[in-house]
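See below for the structure under consideration.
The values are calculated or read from the model by the stated rules, or taken from the named source; none is laboratory data. None of these values were measured; they are calculated from a predicted model. No Cβ is skipped: glycine too gets one built from the backbone with ideal geometry, and neighbour counts run over all protein chains shown. Surface areas here come from the heavy atoms of the whole protein model, side chains and all, with no ligands, DNA or RNA. Shrake-Rupley method; radii C 1.70, N 1.55, O 1.52, S 1.80 Å.
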Amino acid sequence: MSAQVDQLVAEAVAAAGNAYAPYSHFHVGAALLLDDGSIVTGANFENASYGMTLCAETVALAKANSDGQLRRIVAIAVAGGPAAAGGVPQIGLEAITPCGRCRQIIKEVADLTAIDLPVYCARAGGYDTHLLSELLPHGFGPASLGG
Ligand code: THU
């Protein structure tokens with residue numbers, strides 16, 4: 001699993017190279033591991049109307065959804081930092097973690113599959129491992145609508 005996670009994190013770093021972030025110059029990549037070992041990536045997509053920006057995790061999850069792969073996601077990696085040469089981020093000593101909105105969107109998938117998704121967050125020299133339940137405790141989800 002560890003080599004597979006190393007690859008997933010590396011794919012998230014590489015995906016950040018495709019970020020469109022002319023306003024923040026903060027490049028983020030996300031990589032989703034599917035149950036057959038394949039990987040779906042995403043990068044942040046900014047907008048002149050700043051609040052319209054799409055985060056890397058959301059882009060990757062929407063890609064997986066539109067390819068009919070949502071139920072096959074078993075793990076997520078995220079990597080980000082200020083843009084460096086080639087668009088790849090400078091990964092800091094402190095890992096970045098998904099923003100609150102992305103945590104909520106990840107929760108939709110975790111609830112769909114009943115997998116407490118591991119989220120691997122790149123930092124210099126490695127990554128931190130979190131479970132979604134740790135990143136978004138007491139979250140609002142489909143079960144909350146049941147009354
Ligand atoms: N960003 C992401 O892509 N994912 C996150 O979880 C946090 C923030 C992006 C949004 C924006 O383009 C840039 O990072 C700076 O906030």
Restricting attention to the range 89-108, which residues are out of contact with any helix residue (DSSP H, G or I) (no Cβ under 9 Å at 6 or more places or on another chain) and β-branched (Val, Ile, Thr)?
Ile96
Can you give me the number of residues within the range 3-36 that are within 12 Å of the ligand (Cβ to nearest atom), of a type outside the set (A, V, I, L, M) and part of a loop (DSSP other than H, G, I, E, B)?
4
Suppose the filter is within 16 Å of the ligand (Cβ to nearest atom) and either among the aromatic types (Phe, Trp, Tyr) or open to solvent by less than 30 Å² (accessible area, probe 1.4 Å) (or both); does Ala122 pass it?
yes
In the range 106-115, what residues are open to solvent by less than 70 Å² (accessible area, probe 1.4 Å) and either among the basic types (Lys, Arg) or in a loop (DSSP other than H, G, I, E, B) (or both)?
Lys107, Ile115
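Taking the range 88-105 as the search range and keeping residues that are part of a helix (DSSP H, G or I) and either in contact with a Cys (Cβ under 6 Å, 6 or more places away or on another chain) or open to solvent by 60 Å² or more (accessible area, probe 1.4 Å) (or both), which one is farthest from the ligand (Cβ to nearest atom)?
Gln104
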Restricting to the range 42-69, name every residue that is open to solvent by 40 Å² or more (accessible area, probe 1.4 Å) and either within 13 Å of the ligand (Cβ to nearest atom) or among the aromatic types (Phe, Trp, Tyr) (or both).
Phe45, Asn47, Ala48, Ser49, Tyr50, Gly51, Met52, Thr53, Leu54, Cys55, Ala62
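Within the group Ala77, Ala60, which residue is in a helix (DSSP H, G or I) and closer than 21 Å to His130 by Cβ?
Ala60 is the lone residue from the list that is in a helix (DSSP H, G or I) and closer than 21 Å to His130 by Cβ.
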